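What follows is a short report on a single structure.
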Amino acid sequence: MASKAFEDIVEDFDFLEDWEERYRYVIEQGKSMAPLDEALKVPATKVDGCASQVWLHPNIDEAGKFRFEGDSDALIVRGLIAVLRNLYNNLEIKDVLRVDASVELARLGLNDHLSAQRSNGLRAMIERIRDIAGQNV
């Protein structure tokens, strides 16, 4: 159920030799995102459960396509937001709920290489995305 953009990340991860390179890759993904407008960094967009500051701002267009922007004060978390954007953005809202993020992210090996705090934060971001989608189906 993964998007082409996410499949590209999976292929890139397979090509990278070690976790230091993969972390750099994730960080670069985050750096390539446009920063979230400061006006959108409000309590309503803040994700609880993350050790870092994290904001996710969703948008569902007229055709029912889900997209979100995000930002964080931590480089690796910003990169994880970029990975999630590649996983979820441009899906129909009903399909967002069909994505098994834990299975898809396991293909990258992230589960085994993130700290407990980062893993909890990643789960909190996924829960927020799923909650938004569930409210808009």
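The values are calculated or read from the model by the stated rules, or taken from the named source; none is laboratory data. Just so it is clear, the structure is predicted and the values come from calculations on it, not from any experiment. For neighbour counting, all protein chains shown are included, and Cβ atoms are generated from backbone atoms with ideal geometry for every residue, glycine included. Accessible surface areas use protein heavy atoms only, side chains included; no ligands, DNA or RNA. Shrake-Rupley method; radii C 1.70, N 1.55, O 1.52, S 1.80 Å.
Inside region 87-132, residues that are closer than 19 Å to residue 25 by Cα and among the aliphatic types (A, V, I, L, M) make up a count of 7. Just one of the listed residues (76, 129, 81) is open to solvent by 20 Å² or more (accessible area, probe 1.4 Å) and either assigned to a helix (DSSP H, G or I) or among the basic types (Lys, Arg) (or both), and it is 76.
Would you point out the residue of region 36-49, among those that are part of a loop (DSSP other than H, G, I, E, B) and farther than 19 Å from residue 131 by Cα, that is least open to solvent (accessible area, probe 1.4 Å)?
In this case the residue turns out to be 36.
Applying the condition of being open to solvent by less than 70 Å² (accessible area, probe 1.4 Å) and assigned to a helix (DSSP H, G or I) to region 86-101 and asking which residue is nearest to residue 122 (Cα to Cα) yields 101. Only one entry in 37, 71 is over 9 Å from the mean Cα position of the chain (by Cα), farther than 22 Å from residue 23 by Cβ and among the acidic types (Asp, Glu), namely 37. As for region 36-56, it holds at least one residue that is among the small types (Gly, Ala, Ser) and touching a strand residue (DSSP E or B) at 6+ places or on another chain (Cβ under 7 Å). The residues of region 102-120 that are of a type outside the set (Val, Ile, Thr), open to solvent by 40 Å² or more (accessible area, probe 1.4 Å) and either closer than 14 Å to residue 7 by Cβ or assigned to a helix (DSSP H, G or I) (or both), listed by number, are 102, 106, 107, 111, 112, 113, 116, 117, 118, 120.
Taken over region 52-73, the residue count meeting the criterion of being surrounded by 15 or more Cβ atoms within 10 Å (Cβ to Cβ), out of contact with any Phe, Trp or Tyr (no Cβ under 8 Å at 6 or more places or on another chain) and either of a type in the set (Val, Ile, Thr) or touching a residue at least 24 places away in the same chain (Cβ under 8 Å) (or both) is 4.
Residue-level check: of (1) assigned to a loop (DSSP other than H, G, I, E, B); (2) open to solvent by 50 Å² or more (accessible area, probe 1.4 Å), residue 20 misses just (1).
Within region 1-11, if we keep just the residues that are in a helix (DSSP H, G or I) and either polar (S, T, N, Q) or open to solvent by 60 Å² or more (accessible area, probe 1.4 Å) (or both), the residue that is nearest to residue 68 (Cα to Cα) turns out to be 4.
Can you confirm whether region 24-35 contains a residue that is over 21 Å from residue 116 (Cα atoms), at pLDDT 95 or above and crowded, with 18+ Cβ neighbours inside 10 Å? Checked region 24-35: at least one residue is over 21 Å from residue 116 (Cα atoms), at pLDDT 95 or above and crowded, with 18+ Cβ neighbours inside 10 Å.
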